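The values are calculated or read from the model by the stated rules, or taken from the named source; none is laboratory data. On a predicted model such as this, the values are computed, not experimentally measured, just so you know. Here the Cβ positions follow ideal geometry from the backbone for every residue, glycine too, while neighbour counts run over all protein chains shown. To get the accessible areas, we keep the full protein, side chains included, count just its heavy atoms, and leave off ligands, DNA and RNA. Shrake-Rupley method; radii C 1.70, N 1.55, O 1.52, S 1.80 Å.
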Amino acid sequence: MKERYLFKSILVALLAFAAFLPGSAQNAENARIKIDVERTIGEVNKNIYGNFVEHLGRCVYGGIYDPDSPHADENGFRKDVLEAAKGLNISLLRYPGGNFVSNYNWKDGVGPDRPKRLELAWQRLETNEVGTNEFMTYAKMLGTEPYFAVNLGTGTIKEAQQWVEYTNVKEGPYYAELRKKHGYPEPHNIKYWSLGNEMDGYWQMGHLNAIDYSKKAREAGKLMRLTSPDIKLIAAGSSNYRPDANPDEWNRTILEELKDYIDYIALHIYVGNPDDNYYNFMSTPLVIEERTKIVKGMINEVMQRTLRRDHTEDPIYIAWDEYNVWYRARSGANMVGDRALEEHYNLEDALVISGMLNAFIRNADVVKMANMAQLVNVIGPIFTSKDDMFKQTIYYPLALFANNMHGTSLDLFVDCETYDTEEFFLGLGETTTKQTDVPYLDVSATYKDDEVTIAVVNRHKDKAITTDLIAQTGEFTGSLEIFEVNGPDIKAKNDFGETNVATKKLESVKAKGKSVTYAFPPHSLTIIKGKIKL
Ligand code: AHR
């Protein structure tokens with residue numbers, strides 16, 4: 001199997017290289033990607049490369065933190081996990097939940113006394129060994145910005161205000177002084193705060209209807225901002241797209257009710273391939289785009305009627321603050337306890353993640369935040385045992401995008417073959433969709449300092465797609481760097497000591513002139529970086 005893959009990879013690389021003909025005449029048979037650096041969508045916000053750490057399964061305990069591991073540092077944090085996490089260039093790290101937060105009392109996780117609590121969302125014992133200050137130590141080591149969620153389920157607006165006082169006020173009031181007493185003289189200055197989690201979901205502890213949630217979120221946000229005026233507030237938009245839910249109504253109501261106060265509306269999506277239909281699954285990132293456009297329209301509409309948006313000149317943005325593939329470990333025993341939500345990802349999952357990242361970039365004008373859920377073990381790109389770890393397939397596209405796709409998002413013209421899906425369920429408990437004219441090539445591009453970076457997913461299972469990349473303004477110059485994520489077949493996985501899916505840096509090639517031709521291999525993500533001289 002491995003030899004066959006090696007032979008196939010060499011063949012594909014040779015074909016690709018041979019097909020890389022700078023300035024070649026365009027062929028009518030070829031797919032086309034036209035790049036016009038003057039046709040822009042918006043600035044890619046680095047916060048779309050966010051991630052998420054929840055007190056769930058082995059994400060915190062046994063994931064980022066494991067004092068018993070031979071890899072632990074003096075504070076109990078896993079050094080190997082930290083190194084791998086650094087490779088993801090994580091801009092923003094959401095904490096502490098998720099469903100967990102809706103019955104979390106932040107006071108249990110600070111100071112010398114840490115009560116053990118029954119954790120009801122995921123049915124575990126929460127030791128509270130890790131809390132606000134430990135998480136902040138980790139975020140600093142990782143070089144990432146924290147993004148906290150307050151408990152608007154069983155929590156009160158007063159507790160939310162007190163948490164902001166503890167983290168953001170330098171000195172004076174009780175909770176600021178308490179932080180200092182706990183050994184943290186300087187405030188943590190946490191800028192991003194979400195007003196509860198998935199409050200639209202019947203599964204959420206303290207679930208509310210849209211009007212009641214809006215009232216509670218507004219008053220919590222008001223107190224939090226009075227305590228720390230520069231914070232950004234994120235409202236819990238729709239996460240419940242089950243057939244009997246009414247997600248648009250939820251979003252419309254909270255946007256209307258909270259339009260003067262919030263900075264982002266959060267949306268969540270998890271997709272899957274429960275019926276093992278590759279082409280259906282490959283089309284699922286398009287749903288992100290549909291939902292983004294619907295919510296963008298609602299935002300535009302309510303923004304016409306805002307009265308008291310004194311805290312900012314920005315409009316409301318969208319935060320996809322939970323997204324991933326999640327369907328295998330999504331029922332029964334897989335949903336609870338210390339080994340909850342442990343998905344083992346394959347190549348097709350990595351291609352879906354690539355498509356989701358493309359969708360965020362294509363909507364860079366309004367999607368200003370996204371968080372893969374979650375960082376380690378729990379539907380995560382990093383997977384650990386006590387003394388070892390490996391990078392799952394989905395790690396590689398996320399790392400490639402986060403390290404390369406920055407600057408201005410470009411509005412591309414893409415012409416290639418397409419396919420239609422039948423009606424199918426997006427994932428467990430999700431609504432159905434049917435996608436028509438799904439392009440085999442899923443593409444986004446960014447432009448920064450004369451450099452264009454193009455991300456191309458070839459969704460075709462068996463066929464390389466020969467494509468002309470055409471510069472509409474200016475010309476290609478210098479050499480092109482090429483990275484590829486691929487594997488022997490769409491079901492290929494990684495494991496401890498076994499890497500079948502990873503990023504390969506291919507040989508750079510010279511490019512000159514208006515167009516270059518490249519053959520994108522089947523079931524792959526390719527990222528091409530090059531200069532366009534105007
Ligand atoms: O990320 C796993 C869970 O999915 C989160 O706790 C919750 O917000 C969502 O339902």
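What do you reckon, is Thr227 over 24 Å from Glu165 (Cα atoms) and of a type outside the set (A, V, I, L, M, F, W, C)? Working first, answer last.
On the way: over 24 Å from Glu165 (Cα atoms): no; of a type outside the set (A, V, I, L, M, F, W, C): yes.
Spelling it out, it is not the case that Thr227 is over 24 Å from Glu165 (Cα atoms) and of a type outside the set (A, V, I, L, M, F, W, C).
Quick check on segment 244-260: of everything there that is assigned to a loop (DSSP other than H, G, I, E, B) and more than 16 Å from the ligand (Cβ to nearest atom), which residue is most open to solvent (accessible area, probe 1.4 Å)?
Narrowing segment 244-260 to residues assigned to a loop (DSSP other than H, G, I, E, B): 244-246, 259-260.
From the residues that got through so far, the ones that are more than 16 Å from the ligand (Cβ to nearest atom) too are 244, 246, 259-260.
Details: Asp244: 140, Asn246: 98, Lys259: 22, Asp260: 14 Å².
Filtering first and then ranking leaves Asp244.
Restricted to segment 20-57, and to residues that are at pLDDT 95 or above and of a type in the set (Phe, Trp, Tyr), which residue is nearest to the ligand (Cβ to nearest atom)?
Initial filter on segment 20-57 (at pLDDT 95 or above): 30-57.
Now restrict to residues that are of a type in the set (Phe, Trp, Tyr): 49, 52.
Numbers: Tyr49: 17, Phe52: 7 Å.
For segment 20-57, the residue satisfying everything is Phe52.
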Next on the checklist: Cβ-Cβ under 6 Å, sequence separation 6+ or interchain: first residue in segment 92-110 and touching a residue at least 12 places away in the same chain (Cβ under 8 Å) and within 13 Å of Gly131 (Cα to Cα), partner away from the ligand (no atom under 12 Å from the Cβ) and open to solvent by 10 Å² or more (accessible area, probe 1.4 Å). Which pairs?
Outcome noted: Val101/Asn151; Tyr104/Asn151; Asp108/Pro115; Val110/His182
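Within segment 261-282, restricting attention to residues that are among the aromatic types (Phe, Trp, Tyr) and away from the ligand (no atom under 16 Å from the Cβ), which residue is surrounded by the fewest Cβ atoms within 10 Å (Cβ to Cβ)? Walk me through how you get there before you give the answer.
From segment 261-282, those among the aromatic types (Phe, Trp, Tyr) are 261, 264, 270, 278-279, 281; that's our starting set.
Now restrict to residues that are away from the ligand (no atom under 16 Å from the Cβ): 261, 278-279, 281.
Values: Tyr261: 23, Tyr278: 14, Tyr279: 17, Phe281: 27.
Among those residues, the one meeting the criterion is Tyr278.
In contact with a helix residue (DSSP H, G or I) (Cβ under 7 Å, 6 or more places away or on another chain), open to solvent by less than 50 Å² (accessible area, probe 1.4 Å) and within 16 Å of the ligand (Cβ to nearest atom): which single residue out of Tyr166, Tyr241 fits that description? Steps first, please.
Numbers: Tyr166 fails: within 16 Å of the ligand (Cβ to nearest atom).
Unique residue meeting the criteria: Tyr241.
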Next on the checklist: Looking only at segment 86-109, filter to residues that are away from the ligand (no atom under 16 Å from the Cβ) and charged (D, E, K, R); which one of those is most open to solvent (accessible area, probe 1.4 Å)?
Outcome noted: Lys86
Checklist outcome for this item: Scanning segment 115-151 residue by residue, the ones that are closer than 18 Å to Leu56 by Cβ and open to solvent by 60 Å² or more (accessible area, probe 1.4 Å) total 7
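Looking only at segment 204-218, decide whether some residue is touching a Pro at 6+ places or on another chain (Cβ under 7 Å), assigned by TED's automatic domain parsing to the domain that holds Leu92 and hydroxyl-bearing (Ser, Thr, Tyr). Quick ask: steps written out before the conclusion?
Taking segment 204-218 first, the residues touching a Pro at 6+ places or on another chain (Cβ under 7 Å) are none.
Within segment 204-218, none of the residues are touching a Pro at 6+ places or on another chain (Cβ under 7 Å), assigned by TED's automatic domain parsing to the domain that holds Leu92 and hydroxyl-bearing (Ser, Thr, Tyr).
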Checklist entry - Quick one: in segment 275-300, which of the residues that are out of contact with any Leu (no Cβ under 8 Å at 6 or more places or on another chain) and charged (D, E, K, R) is farthest from Glu417 (Cα to Cα)? => result Lys296
Checklist entry - Of the numbered conditions (1) open to solvent by 20 Å² or more (accessible area, probe 1.4 Å); (2) not in a strand (DSSP E or B), Gly478 satisfies every one except a single condition; which is it? => result (2)
Item to check | Which numbered condition Val336 fails, given (1) closer than 23 Å to Asp365 by Cβ; (2) open to solvent by 40 Å² or more (accessible area, probe 1.4 Å); (3) β-branched (Val, Ile, Thr); (4) touching a residue at least 60 places away in the same chain (Cβ under 8 Å) | outcome: (1)
Checklist outcome for this item: Quick count over segment 112-123, residues being within 16 Å of the ligand (Cβ to nearest atom) and either touching a strand residue (DSSP E or B) at 6+ places or on another chain (Cβ under 8 Å) or not assigned by TED's automatic domain parsing to the domain that holds Glu54 (or both), is 1
Checklist entry - Among the strands (runs of 3 or more DSSP E) contained in segment 357-460, which hold 3 or more residues that are buried (at least 22 other Cβ atoms within 10 Å of the Cβ) and not acidic (Asp, Glu)? => result 367-372, 382-384, 441-448, 451-458
Checklist outcome for this item: Among residues of segment 169-186 being touching a residue at least 40 places away in the same chain (Cβ under 8 Å) and touching a Pro at 6+ places or on another chain (Cβ under 9 Å), the residue most open to solvent (accessible area, probe 1.4 Å) is His182
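Can you tell me which residue in segment 187-237 is surrounded by the fewest Cβ atoms within 10 Å (Cβ to Cβ), limited to those that are of a type in the set (Ser, Thr, Tyr) and within 12 Å of the ligand (Cβ to nearest atom)?
Step one: list which residues in segment 187-237 are of a type in the set (Ser, Thr, Tyr), which gives 192, 194, 202, 213-214, 227-228.
Checking the rest, the ones that are also within 12 Å of the ligand (Cβ to nearest atom) come to 194, 202.
Details: Ser194: 25, Tyr202: 10.
Across segment 187-237, the extreme among qualifying residues is Tyr202.
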Checklist entry - Restricting the search to segment 240-274, which residues are touching a Leu at 6+ places or on another chain (Cβ under 9 Å) and of a type in the set (Ser, Thr, Tyr)? => result Tyr241, Tyr261, Tyr264, Tyr270
Checklist entry - Could you list, in sequence order, the residues of segment 221-240 that are within 11 Å of Leu258 (Cβ to Cβ) and over 26 Å from the mean Cα position of the chain (by Cα)? => result Lys222
Checklist entry - Considering segment 315-333 alone, what residues qualify as being part of a loop (DSSP other than H, G, I, E, B) and either under 23 Å from Leu441 (Cα atoms) or open to solvent by 10 Å² or more (accessible area, probe 1.4 Å) (or both)? => result Pro315, Trp326, Tyr327, Arg328, Arg330, Ser331
